[in-house]
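A.B. asks: Okay, here's the structure, questions in a sec.
The numbers here are math on the coordinates, done by the rules we state, and not lab data. Because the structure is a prediction, the values reported are computed rather than measured. Heads up, the Cβs are rebuilt from the backbone with ideal geometry, glycines too, and the neighbour counts pull from every protein chain shown.
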Amino acid sequence: MNQLKTDFEKNGFLVLPDFYTTDTCDRLMKQADILVRSFDYTGHPSIFQTSEQARTSDAYFLASGDNISYFFEKDAFDENGHLRQPVAKSLNKIGHAMHDLDPVFDQFSRSSQIKQLANDLELHDHLIIQSMYIFKHAKIGGVVDVHQDASFLYTEPASCIGLWFALEDATKENGCLWACPGGIRLPCANGSIAMQAAPA
């Protein structure tokens with residue numbers, strides 16, 4: 001068994017620095033900006049919150065699996081339904097079929113690096129079932145509670161593996177991803193692989 005697979009099975013996650021180049025990450029961020037600029041949010045404040053998903057889920061969210069859809073932070077709108085700040089600074093995320101419907105995200109999601117990683121982890125029958133571009137704006141947004149993606153993307157047996165890409169430097173000071181070593185052995189656990197862009 002190769003070391004990547006050994007470490008993944010032991011800890012439940014991998015951290016892979018410099019997985020993509022800074023140029024590749026910049027290209028993805030520019031494409032996300034293009035998508036945001038083309039989005040007409042008039043009359044459509046769909047909110048995303050991990051803590052109240054059952055209450056805030058709507059038809060738009062439930063139909064987003066095969067679309068490119070846009071979701072706002074919970075405090076993006078004032079009491080009159082107007083954005084408190086520009087739309088680009090008000091979105092929580094874009095999802096969930098970007099890997100199928102946008103050529104830049106498709107290339108990113110189906111790169112030779114991803115294929116090699118899947119081979120290293122012996123994920124021979126892997127499928128990409130959802131993709132998201134998550135914004136992490138300062139001074140807006142709710143708390144992202146501890147959660148397991150396998151609870152939302154349910155399979156039997158549990159087989160969901162999340163790939164998280166830090167397109168900019170992620171630190172404890174600015175809000176990095178946290179994982180619990182060995183947490184994969186907890187009930188309903190799923191694996192995570194965090195990739196970081198090359199340092200700027």
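A.B. asks: Amide H to amide H under 5 Å from PHE72: which residues, 5+ apart in sequence or cross-chain, H placed 1.01 Å off N in plane?
C.D. replies: Sorted by chain and number, the residues that satisfy this are SER46, ILE47, PHE48, ASN92.
A.B. asks: Moving to a separate point now. If neighbour count is taken as other Cβ atoms inside 10 Å, put MET132, MET29 in order from fewest to most.
C.D. replies: Fewest-to-most Cβ neighbours within 10 Å comes out as MET29, MET132.
A.B. asks: To continue, here is another question. So what's the net charge close to ASP18: Lys and Arg +1, Asp and Glu -1, counting the other residues with Cβ under 15 Å from its Cβ?
C.D. replies: With Lys, Arg at +1 and Asp, Glu at -1, the neighbours total -4.
A.B. asks: Please list, in order along segment 164-171, the HN-Hα scalar couplings obtained from phi with the Karplus expression 6.51 cos²θ - 1.76 cosθ + 1.60 (θ = phi - 60°), rounded to whole Hz, x for Gly and Pro.
C.D. replies: Result, rounded to whole Hz: 10, 10, 7, 6, 10, 4, 10, 10.
A.B. asks: Same structure again: Mind checking the full-extension length gain between HIS137 and ASN119? Use 0.36 nm per residue of separation minus the Cα-Cα distance, one decimal, nm.
C.D. replies: 3.0 nm
A.B. asks: Given the -39500 (n - 2.57) contribution per DSSP H run of 4+ residues, what per-residue ellipticity at 222 nm results for the chain, rounded to the nearest 500 deg cm²/dmol?
C.D. replies: -7000 deg cm²/dmol
A.B. asks: Follow-up question, since we're still on this one. Starting from the Kirkwood radius over alpha-carbon pairs of segment 98-168, derive D by Stokes-Einstein at 25 °C in a medium of 0.890 mPa s and give it in µm² s⁻¹.
C.D. replies: 170
A.B. asks: Normalised by the residues of segment 3-197, what does the relative contact order come to in percent, with Cα pairs under 8 Å and at least six apart?
C.D. replies: Rounded, it is 32 percent for segment 3-197.
A.B. asks: With a point put 7 Å past each Cα toward its Cβ, work out how far THR6 is from ILE34 in nm, to one decimal.
C.D. replies: Result: 4.3 nm between the two label points.
A.B. asks: Tally Lys/Arg at +1 and Asp/Glu at -1 over every other residue whose Cβ is under 13 Å from the Cβ of SER131; what's the total?
C.D. replies: Around SER131, the surrounding residues sum to -3.
A.B. asks: On to the next question. Taking the Cα atoms of the chain, what is the range of coordinates along each of the three principal axes, in descending order and whole Å?
C.D. replies: 58, 38, 34
A.B. asks: List the residues, sorted by chain then number, that are 5 or more residues from HIS96 or on another chain and whose placed amide H is less than 5 Å from its amide H.
C.D. replies: Residues meeting the amide H criterion: ASN67, SER69.
A.B. asks: Can you compute the modelled spin-label distance between VAL15 and TYR154, with each label point 7 Å from Cα toward Cβ, in nm?
C.D. replies: 3.3
A.B. asks: Can you give the charge dipole size of the chain about its Cα centre, rounded to the nearest 20 debye, using +1 on the beta carbon of Lys and Arg and -1 on the beta carbon of Asp and Glu?
C.D. replies: In debye, rounded to 20, the chain gives about 240.
A.B. asks: Note down the net charge around HIS99, summing +1 for each Lys or Arg and -1 for each Asp or Glu among other residues with Cβ under 13 Å from its Cβ.
C.D. replies: -3
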